[in-house]
1. Would you please list the contacts, defined by Cβ atoms under 6 Å and residues six or more apart or on different chains, that run from a residue in the stretch 64-77 that is among the basic types (Lys, Arg) to a residue that is part of a helix (DSSP H, G or I)?
2. Just one of (1) among the β-branched types (Val, Ile, Thr); (2) part of a helix (DSSP H, G or I); (3) touching a helix residue (DSSP H, G or I) at 6+ places or on another chain (Cβ under 8 Å) trips up VAL13, so point out which.
3. For the stretch 51-81, name all the residues that are loosely packed, with under 11 Cβ neighbours inside 10 Å and either more than 18 Å from ASP19 (Cα to Cα) or touching a Gly at 6+ places or on another chain (Cβ under 6 Å) (or both).
4. For the condition free of Cβ contacts under 8 Å to residues at least 60 places away in the same chain and surrounded by fewer than 16 Cβ atoms within 10 Å (Cβ to Cβ), what is the one hit in ARG84, ARG26?
5. Need pairs with beta-carbon distance below 7 Å; first residue within 16 Å of LEU83 (Cβ to Cβ) and within the stretch 34-58, second part of a loop (DSSP other than H, G, I, E, B); sequence gap 6+ or separate chains.
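Nothing in this text is a laboratory measurement; each read-out follows from the coordinates by a stated rule. Because the structure is predicted, anything quoted here is derived from the model rather than measured. Here the Cβ is made from the backbone with ideal geometry for all residues, glycine too, and neighbour counts use every protein chain on show.
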Amino acid sequence: MSAAHSATIPSGVIAATADTLETMSREIEQLGGDLCSSPALAEQFLDQLQAIDRFSQTLSQLAHVLRAPEPGAAINAVCMDELRAQLQRAHGADA
């Protein structure tokens, strides 16, 4: 997304998007927790449950970046290495 395009997105849309991402993150985290309550399922689907956790974390981190008053600092604070690098590249391309 170009800097010119991002400037045209109303702040209310960005806030609503962040809220939706955070809600989805919580729902996915709850789903993963529910599935982990069954030891048999947790053992059988360990890789898939780890992916569910990663999805939840990604959505939450993206919501945090969208809400941040200083996107560059929020991007640098992303705890997931691949996501942080991807966002840093995109942020650098917009500068």
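1. ARG67/ALA18
2. (3)
3. Once the filter is applied, which keeps residues that are loosely packed, with under 11 Cβ neighbours inside 10 Å and either more than 18 Å from ASP19 (Cα to Cα) or touching a Gly at 6+ places or on another chain (Cβ under 6 Å) (or both), the stretch 51-81 yields ALA73, CYS79, ASP81.
4. Sole residue among the options that is free of Cβ contacts under 8 Å to residues at least 60 places away in the same chain and surrounded by fewer than 16 Cβ atoms within 10 Å (Cβ to Cβ): ARG26.
5. Filtered contacts from the stretch 34-58: GLN57/MET80; THR58/MET80.
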